[in-house]
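No lab work stands behind these numbers, since they all come straight from the coordinates. Note that the structure is a prediction, hence the values are computed from the model and not measured. Here Cβ is always computed from backbone atoms with ideal geometry, including for glycine, and neighbour counts include all displayed protein chains.
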Amino acid sequence: MGNIIVVGSASIDLVVKTNMIPKAGETVMGDTFFTTPGGKGANQAVAAARLSDNVYMIGAVGEDEYGKQIIRNLEQNNVNTDYIDIIENEASGTAHITLFEDDNRIIVVPAANSYVTADKVLPKLEHFNAGDIIVMQHEIPEETIAAVVSFAEKHDMKVILNPAPYRKLDHDIIEKVTWVTPNESESELLFENQVDKALTNYPNKLIVTKGASGAVFYSDSQRLVAGYKKEVIDTTGAGDTFNGALAVALIENKTLADAVAFANLAGSYAITGLGAQSAMPYRKDLD
Ligand code: RIB
C-alpha cells in the first residue's frame, strides 16, 4: 500500500472552555483550561495513523518541552516522525483556543511551523513514491505549498489540499492538486460565492465539507454525501479528522463517494470528545 505524507503544522493547543466571552477591555471568569496536542497537520496525521499504517509527518517543532510533547504524541499515535525538524532557538507552534457555545475561536502562533520551508521539505519528499498521497493545510508558508504541489506533479504523487485557515489561493494550485477540501465558509471565500459553479468546474476534485450535513462534490451531477449527527462536545479537529480519513480511504483506492462517506463518519466521532485528537476514531470504530 502507498504512503500518506502530511506536510504541515504541529502545535500545542491551549484551550479555555468558557460560558462567557469577554468584550474588548473586559475580564471574565472561564470554566476549564487544558493543553493538548494539535495543529492541523499533526491532527490530520494522527487521524490517518489511527486508521492506517504508513503515515509520515514532515514538519517542524521548537527546541522546547512542547516540541518534545508533540513528537511523543505523534509517535504514540503511529505517525512516523523521522522527517520532523527541531528548530534551534525557536518555540513550538501554539494555538490559543476558546470554546464557547458549541463552537471554537482559534488564534494560531506558527513559530517553528514557519520553518516548514520548501528547501527543508522537498529533499524529504524524495524518499517517497509515485502514487503516494501528500496532505497539506494552510498553517505553513504559502511558498511551501506551491513548491510541494509542483514536486508532486513532477513525481506523480497525489495531493489533498485542505485550505484551512482561509488565505488567498492561486487557482493554478487548485488546478494542480488532486483534491481540495475547503469547508463551507472557506469555499465561499475561495470562489467568491460561486461555489456551485466551482463544484462543476472541478469535478471529483473540489469537496466542500458541511459539518454534520456531510460533504458535497460534483461527478456527473452534484452529490451530497450525507454526514452523521452526534452529540457535540468540541468541534475542534473534526475537519482535520475528515481529511486524515479521506487520505486513508483514497490510498486504499475507495471511490470518491465511498471515501467521502468514510471521512464523514470519522469526522463525526471527532466532535464527541474535548480537544482536537481525543475522540478521533480507530479502525475498529469505523469497521
Ligand atoms: O483544526 C483544529 C486545529 O486548528 C487545532 O488543533 C489548532 O491547533 C488549530 O491549528
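General observations
- Gyration tensor analysis over the Cα atoms of the chain returns equivalent ellipsoid semi-axes of 26, 24, 19 Å (largest first, whole Å).
- 222 nm mean residue ellipticity, helices alone, for the chain (DSSP H n ≥ 4; -39,500 (n - 2.57); rounded to 500): -9500 deg cm²/dmol
- Region 83-166: proportion of alpha-carbon pairs further apart than 21 angstrom, %: 39
- Comparing Ala198, Ala266, Ala49 in a Gaussian network model of the chain (Cα springs below 10 Å), the most mobile by mean-square fluctuation is Ala198.
- When the Cα positions of Ala95, Tyr202, Ser11 are compared along the charge dipole of the chain, Tyr202 comes out farthest toward the positive end, with charges on each C-beta of Lys, Arg, Asp and Glu.
- Under 29 Å, Cα to Cα: Lys pairs in region 1-142, sequence gap 8 or more or different chains: 8
- Overall Cα dimensions of region 129-287 - principal axes, largest extent first, Å: 40, 36, 31
- Test item: Cα-centred dipole of region 4-69, Lys/Arg +1 and Asp/Glu -1 on Cβ, debye: 220
- For the chain, the share of DSSP beta bridges that are antiparallel, to the nearest 5, is 45%.
- For region 69-126, convex hull volume per residue from C-alpha positions, Å³: 129
- Kirkwood hydrodynamic radius of region 168-227, from the reciprocal of the average inverse Cα-Cα distance over all distinct pairs: 11.4 Å.
- Proximity of backbone amide H atoms, modeled 1.01 Å from N, is registered between Ile5 and Tyr56, Ile133, Ile134, Val135 at under 5 Å, excluding neighbours fewer than 5 places apart on the same chain.
- For region 1-101, the convex hull spanned by the alpha carbon atoms encloses 119 Å³ per residue.
- Over region 78-147, relative contact order from alpha-carbon pairs under 8 Å, at least 6 apart, %: 27
- Efficiency of FRET between Ser219 and Tyr282 - r from beta-carbon atoms, R0 35 angstrom, step 0.05: 0.75
- Taking the centroid of alpha carbons for each part, region 82-103 and region 1-76 are 6 Å apart.
- Evaluated with a Cβ-only charge set (Lys, Arg +1; Asp, Glu -1), region 67-158 carries a dipole of roughly 180 debye about its Cα centre, given to the nearest 20.
- Charges were assigned to the Cβ only: +1 to each Lys and Arg, -1 to each Asp and Glu. The resulting dipole of the chain about its Cα centre is roughly 580 debye.
- More than 19 angstrom apart: percent of Cα pairs within region 226-287: 22
- Taking the charge dipole of the chain about its Cα centre, with +1 at Lys and Arg Cβ atoms and -1 at Asp and Glu Cβ atoms, the residue from Ile160, Ile174, Tyr282 reaching farthest to the positive side is Tyr282.
- Estimated FRET transfer efficiency (Asn19, Ala212; beta-carbon r; R0 22 Å; 0.05): 0.40
- When the chain is treated as a GNM with alpha-carbon contacts under 10 Å, the residue of Thr36, Thr200, Thr27 showing the greatest mean-square fluctuation is Thr27.
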